[in-house]
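Quick note: the coordinates plus some simple rules give every number you see, no bench work behind them. Bear in mind that the values here come from a model prediction, so they are computed numbers and not experimental data. Cβ sites come from the backbone with ideal geometry, for glycine too, and all protein chains shown count toward neighbours.
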Amino acid sequence: MDEKKVIELEGVSIYHSGESLRNSHRGELVLSEVNLSVGGGELVYLIGKVGSGKSTLLKTLYGEVPLKTGKGRIVGFDLRRLRRSRIPYLRRKIGIVFQDHQLLTDRDVFRNLHYVMKATGWRDETLIRRRIAEVLELVGLHNKEYKMPFELSGGEQQRLAIARAVVNSPAVILADEPTGNLDPAAADEIMRLFATIVAGGCSIVMSTHNINVVEDYPARTLLFSQGRIEEIDVAALG
Ligand SMILES: Nc1ncnc2c1ncn2[C@@H]1O[C@H](COP(=O)(O)OP(=O)(O)OP(=O)(O)O)[C@@H](O)[C@H]1O
Ligand SMILES: [Mg+2]
């Protein structure tokens, strides 16, 4: 496998655990024959109908759904050999943006970032403050440090979630419908922010149902359909 790629999947099939399923020892097959290779600084869209497996693929990439067939690597981690105890180390090297933000609702913007940094090994308070100022500047929340999450708009909450994802300068961001609940203007701000992040060399893999986003910010697009993934040319779809 090519070491320069940040993500490589070869001949991968993905199953849901199927603990509740009687007839299958592996679980329910969600995706098969997946081959995917993502280089540095690439933006990749995952599109497809509800239930087509976009979130499942992202979960496999961040170690929540185990990879049992095929080969898979992300930022140097072998997904086939990923032990539970190693998952926190993987999560330090990638940024994850969930559609529902998963912010800590009991503390302000600064403390949301501070908490994550302490949990991922940052010790020096001066460096922590400096990095928080940097990422808040990047996402346009520099004057909102002491706001609680409930005092932020949906778009601002999502930008805080992105700030948290980039705080450790990951090589890859995995984002599940990052513009999901946003109006077109707020979605546009998120995409401009993503364009800046990608220009800085970080790769972003994001699922979306927002076809306007895909059309306005053209990038590699993978269509999930009937358990397979195929790369498509959005411009050619008209
Ligand atoms: N924890 C789970 N256990 C078993 N099956 C699951 C689990 N989560 C999802 N599935 C199934 O896996 C398939 C793919 O779901 P997934 O959430 O990946 O779709 P999606 O493309 O992200 O859909 P959406 O656009 O609605 O977010 C669906 O058939 C779903 O029912
Ligand atoms: Mg999903």
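Set the bar at 22 Å for Cα to Cα. Now go through 5/71; 4/49; 118/147 and name every pair that lies beyond it.
4/49
Starting from the Cα-Cα distance between residue 231 and residue 105, subtract it from 0.36 nm times their residue separation and give me the gain in nm to one decimal.
My answer for the length gained is 41.5 nm.
Taking the Cα centre as origin and putting +1 on Lys and Arg beta-carbons and -1 on Asp and Glu beta-carbons, what dipole magnitude results for segment 7-237, to the nearest 20 debye?
It works out to roughly 1240 debye.
Would you kindly state how much longer the chain becomes between residue 195 and residue 211 on full extension, computed as 0.36 nm times their sequence separation minus their alpha carbon distance, in nm to one decimal?
In short, 4.1 nm is gained.
Percent of Cα-Cα pairs per 5 Å bin, from 0 to the last occupied bin, for segment 7-237, please list those.
1, 6, 14, 18, 19, 16, 12, 8, 4, 1, 0, 0
Who wins for biggest fluctuation among 167, 38, 50 in a Gaussian network model of the chain, springs between alpha carbons below 10 Å?
50
Run the quick spin-label model on residue 134 and residue 78: label points 7 Å from Cα toward the beta carbon, then report their separation in nm to one decimal.
Each label point lies 7 Å from its Cα, and together they span 3.3 nm.
So what is the 222 nm mean residue ellipticity for the chain from helices alone, if each DSSP H run of at least 4 adds -39500 (n - 2.57) and you divide by all residues, rounding to the nearest 500 deg cm²/dmol?
Mean residue ellipticity at 222 nm (helix-derived): -10000 deg cm²/dmol.
Taking the Cβ of residue 48 as the centre, find all other residues whose Cβ is under 14 Å away and add up their charges (Lys, Arg: +1; Asp, Glu: -1).
-1
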